[in-house]
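Chemist: Supplied in structure tokens, the structure appears directly below.
The values are calculated or read from the model by the stated rules, or taken from the named source; none is laboratory data. Note that the structure is a prediction, hence the values are computed from the model and not measured. Cβ atoms come from the backbone with ideal geometry, glycine included; neighbour counts cover every protein chain shown.
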């Protein structure tokens, strides 16, 4: 089996919390709580897009849809990639293994976020799935040598299928928890020794 290095996207490479804050707070004239409720409601449907989000807010706030949509699309002009992510991926390239981003999310929304980052140009493969990430790796007949993840649930699943993998739990929010399934816990990518 081919070995790969697996990176999660949200919370590991991409500051999703900052983007969400932008979606909730930077929409001129819209109530942040209405924005948050519309976001949560649409995410539950598994069909989140900027257009649907703007429609949901516009219908609740009686705001102009086209203005809301334009303002939200402007959020993607900002760089939400964590400051250590690109340099870390470049450093990983010196290891003789492919670098994969494997992320579990709604496809359309996740692909828009990933496309806004430019990270697709510096990794070998990107998989966006609705299934557990380990299922995708098994389907692709690869074994991760190293996994960097911010989800305890995903790490717990990874350890079942890939117990020999180096499993790094990243806590960008500063929490000091260490899941039993993690071999290491870090607060940033530059703390990970290659």
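Chemist: Do we find that residue 7 is at negative phi and touching a strand residue (DSSP E or B) at 6+ places or on another chain (Cβ under 6 Å) in this structure?
Modeler: On the way: at negative phi: yes; touching a strand residue (DSSP E or B) at 6+ places or on another chain (Cβ under 6 Å): yes.
Answer is yes for this residue.
Chemist: Regarding residue 75, is this residue in a helix (DSSP H, G or I) and touching a residue at least 24 places away in the same chain (Cβ under 8 Å)? Working first, answer last.
Modeler: Working: in a helix (DSSP H, G or I): yes; touching a residue at least 24 places away in the same chain (Cβ under 8 Å): yes.
Answer is yes for this residue.
Chemist: While we're looking at this one, here's another question. Filter region 132-174 down to residues that are farther than 14 Å from residue 11 by Cβ, without any contact (Cβ under 8 Å) to a residue 40 or more places away in the chain and assigned to a loop (DSSP other than H, G, I, E, B), then give me how many there are.
Modeler: Taking region 132-174 and keeping what is farther than 14 Å from residue 11 by Cβ, we get 132, 134-146, 156-167.
Narrowing further to those that are without any contact (Cβ under 8 Å) to a residue 40 or more places away in the chain: 132, 134-136, 138-140, 156-167.
Narrowing further to those that are assigned to a loop (DSSP other than H, G, I, E, B): 132, 140, 162-165.
Residues in region 132-174 being farther than 14 Å from residue 11 by Cβ, without any contact (Cβ under 8 Å) to a residue 40 or more places away in the chain and assigned to a loop (DSSP other than H, G, I, E, B): 6 in total.
Chemist: While we're here: When you look at residue 86, is it modelled with pLDDT of 80 or more, in a helix (DSSP H, G or I) and more than 18 Å from the chain's Cα centre (by Cα), yes or no?
Modeler: Values: modelled with pLDDT of 80 or more: yes; in a helix (DSSP H, G or I): yes; more than 18 Å from the chain's Cα centre (by Cα): no.
No, not satisfied.
Chemist: Determine whether residue 60 is free of Cβ contacts under 8 Å to residues at least 40 places away in the same chain, under 18 Å from residue 8 (Cβ atoms) and in a helix (DSSP H, G or I).
Modeler: Details: free of Cβ contacts under 8 Å to residues at least 40 places away in the same chain: yes; under 18 Å from residue 8 (Cβ atoms): no; in a helix (DSSP H, G or I): yes.
So residue 60 fails the test.
Chemist: Given the criterion buried (at least 20 other Cβ atoms within 10 Å of the Cβ) and assigned by TED's automatic domain parsing to the domain that holds residue 145, identify the matching residue among 68, 7. Spell out how you get there, then give the answer.
Modeler: On the way: 68 fails: assigned by TED's automatic domain parsing to the domain that holds residue 145.
After applying the criteria, what remains is 7.
Chemist: Related question: Residue check: is residue 177 assigned to a loop (DSSP other than H, G, I, E, B), surrounded by 16 or more Cβ atoms within 10 Å (Cβ to Cβ) and modelled with pLDDT under 95?
Modeler: no
Chemist: Still on this structure, please answer the following. Counting only residues that are closer than 25 Å to residue 194 by Cα, in a strand (DSSP E or B) and either modelled with pLDDT under 95 or touching a helix residue (DSSP H, G or I) at 6+ places or on another chain (Cβ under 9 Å) (or both), how many does region 100-131 have? Step through it out loud before you land on a result.
Modeler: Narrowing region 100-131 to residues closer than 25 Å to residue 194 by Cα: 100-103, 114, 117-127.
After this cut, where a residue has to be in a strand (DSSP E or B) as well, the list is 100-103, 125-127.
Among the residues that remain, those that are also either modelled with pLDDT under 95 or touching a helix residue (DSSP H, G or I) at 6+ places or on another chain (Cβ under 9 Å) (or both) are: 100-103, 126-127.
Matching residues across region 100-131 total 6.
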